Amino acid sequence: MTENCNPNFPPVPQRVESARLIMRPSMRADADLLMKWWNDPEVTSPGGNVDAMQYDERDMEDWFSRYVDQRHCATHFVICLRDEAETPIGEFYIASDDRPGCVGFAILIGARDQWGNGYATEAVEAYAAALFASGHCESMRMDISVSNNRAVGLCIAVGSEVEHGWANGLFQTMILTEDAFRLKRRPAANAAAESAQD
Ligand SMILES: CC(C)(COP(=O)(O)OP(=O)(O)OC[C@H]1O[C@@H](n2cnc3c(N)ncnc32)[C@H](O)[C@@H]1OP(=O)(O)O)[C@@H](O)C(=O)NCCC(=O)NCCS
């Protein structure tokens with residue numbers, strides 16, 4: 001199901017499931033975990049926030065009242081494992097800008113012991129597939145630090161390309177277009193079809 005968050009925003013999927021993950025709207029019950037992740041410099045530094053901002057309870061209350069409460073549709077999601085407890089491991093969020101047919105996004109896997117398991121790749125692929133299938137959006141952009149090797153690897157794994165290098169040489173905008181996404185997925189789909197025939 002997709003929802004329009006505001007008139008200038010393409011409708012966006014509200015719940016996405018993949019083989020191992022569920023992405024669902026963030027809730028107040030997630031506050032403690034989100035605060036832990038946002039306050040962990042090892043999680044937030046690669047994104048460019050050197051010492052982490054150090055949120056306290058009041059900051060979290062403020063954040064929820066601005067970004068979650070009274071919104072009839074979500075742009076901020078918690079990534080959960082598909083286990084019995086639906087264990088949260090990270091967050092994914094999207095933002096609109098004035099370019100039609102495109103959203104910006106960011107992702108973090110806050111549970112550092114889960115890094116390198118392919119979860120971020122799976123989450124972005126699943127969300128991109130649902131978003132592009134909606135027919136309202138044909139690209140997704142992410143701004144990342146050029147030295148954030150994991151995030152660069154993630155972007156390349158899903159089919160993103162460098163769209164723009166920023167003047168200080170420290171950041172780049174990577175764009176995932178629907179066409180590149182489909183091309184990137186096709187070899188995997190072909191391999192799956194071939195192994196099914198074996
Ligand atoms: C970036 C981040 C989301 C990646 O999450 P993850 O679940 O570990 O990513 P994946 O396991 O799906 O790996 C994605 C790709 O990163 C690359 N990668 C993984 N570990 C790596 C490492 N140690 N060094 C370099 N590249 C690495 C791989 O190329 C992988 O692609 P592959 O599947 O083709 O091998 C996670 O490390 C994180 O939350 N970092 C802090 C926040 C952040 O930087 N967010 C991105 C900017 S918004």
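Across region 92-108, which residue is farthest from L21 (Cα to Cα) among those that are within 15 Å of the ligand (Cβ to nearest atom) and touching a residue at least 40 places away in the same chain (Cβ under 8 Å)?
Residues of region 92-108 within 15 Å of the ligand (Cβ to nearest atom): 92-95, 103-108.
From what's left, touching a residue at least 40 places away in the same chain (Cβ under 8 Å): 92, 94, 103, 106-108.
Details: F92: 12, I94: 18, V103: 22, A106: 17, I107: 14, L108: 14 Å.
Here the residue is V103.
What tally of residues in region 143-155 results from selecting those that are outside any helix (DSSP H, G or I) and either in contact with an Asp or Glu (Cβ under 9 Å, 6 or more places away or on another chain) or surrounded by fewer than 19 Cβ atoms within 10 Å (Cβ to Cβ) (or both)?
To start, the set of residues in region 143-155 that are outside any helix (DSSP H, G or I) comprises 143-148.
From the residues that got through so far, the ones that are either in contact with an Asp or Glu (Cβ under 9 Å, 6 or more places away or on another chain) or surrounded by fewer than 19 Cβ atoms within 10 Å (Cβ to Cβ) (or both) too are 143, 145-148.
Qualifying residue count, region 143-155: 5.
Is it the case, given these coordinates, that R58 is surrounded by fewer than 19 Cβ atoms within 10 Å (Cβ to Cβ) and in a helix (DSSP H, G or I)? Outline the logic, then answer.
Details: surrounded by fewer than 19 Cβ atoms within 10 Å (Cβ to Cβ): yes; in a helix (DSSP H, G or I): yes.
Yes; evaluated as a whole, the condition is true for this residue.
With the requirement that a residue be among the aliphatic types (A, V, I, L, M), near the ligand (Cβ under 8 Å from one of its atoms) and more than 11 Å from T173 (Cβ to Cβ), what does region 138-160 give you? Let's see the steps before the verdict.
Keep residues of region 138-160 that are among the aliphatic types (A, V, I, L, M), which gives 140, 142, 144, 146, 151-152, 154, 156-158.
Subset that is near the ligand (Cβ under 8 Å from one of its atoms): 142, 144, 151-152, 154, 156-157.
A151, V152, L154, I156, A157 - these are the residues of region 138-160 that are among the aliphatic types (A, V, I, L, M), near the ligand (Cβ under 8 Å from one of its atoms) and more than 11 Å from T173 (Cβ to Cβ).
Among the listed residues V124, V103, V78, which satisfies the condition of being at pLDDT below 95, touching a Phe, Trp or Tyr at 6+ places or on another chain (Cβ under 9 Å) and at negative phi? Please lay out each step first, then the result.
Values: V124 fails: at pLDDT below 95; V78 fails: at pLDDT below 95.
Unique residue meeting the criteria: V103.
Working only within region 27-55, note down all residues that are more than 9 Å from the ligand (Cβ to nearest atom), part of a helix (DSSP H, G or I) and aromatic (F, W, Y).
Within region 27-55, just W38 meets the criteria.
Taking the condition within 11 Å of the ligand (Cβ to nearest atom) and crowded, with 16+ Cβ neighbours inside 10 Å, does Y127 pass?
Details: within 11 Å of the ligand (Cβ to nearest atom): no; crowded, with 16+ Cβ neighbours inside 10 Å: yes.
The answer is no for Y127.
Name the residues in region 77-93 that are farther than 28 Å from R141 by Cβ and small (G, A, S), would you?
Of everything in region 77-93, just one residue is farther than 28 Å from R141 by Cβ and small (G, A, S), namely A85.
Can you name every residue in region 106-121 that is surrounded by fewer than 19 Cβ atoms within 10 Å (Cβ to Cβ) and within 10 Å of the chain's Cα centre (by Cα)?
If we filter region 106-121 for residues that are surrounded by fewer than 19 Cβ atoms within 10 Å (Cβ to Cβ), which is where we start, we get 106, 112-118, 121.
Scanning region 106-121 gives A106, T121.
The values are calculated or read from the model by the stated rules, or taken from the named source; none is laboratory data. Keep in mind that what you see is a predicted model, and the values were worked out from it rather than measured. Methodologically, a virtual Cβ is constructed for each residue, glycine included, from the backbone with ideal geometry; neighbour enumeration extends over all protein chains shown.
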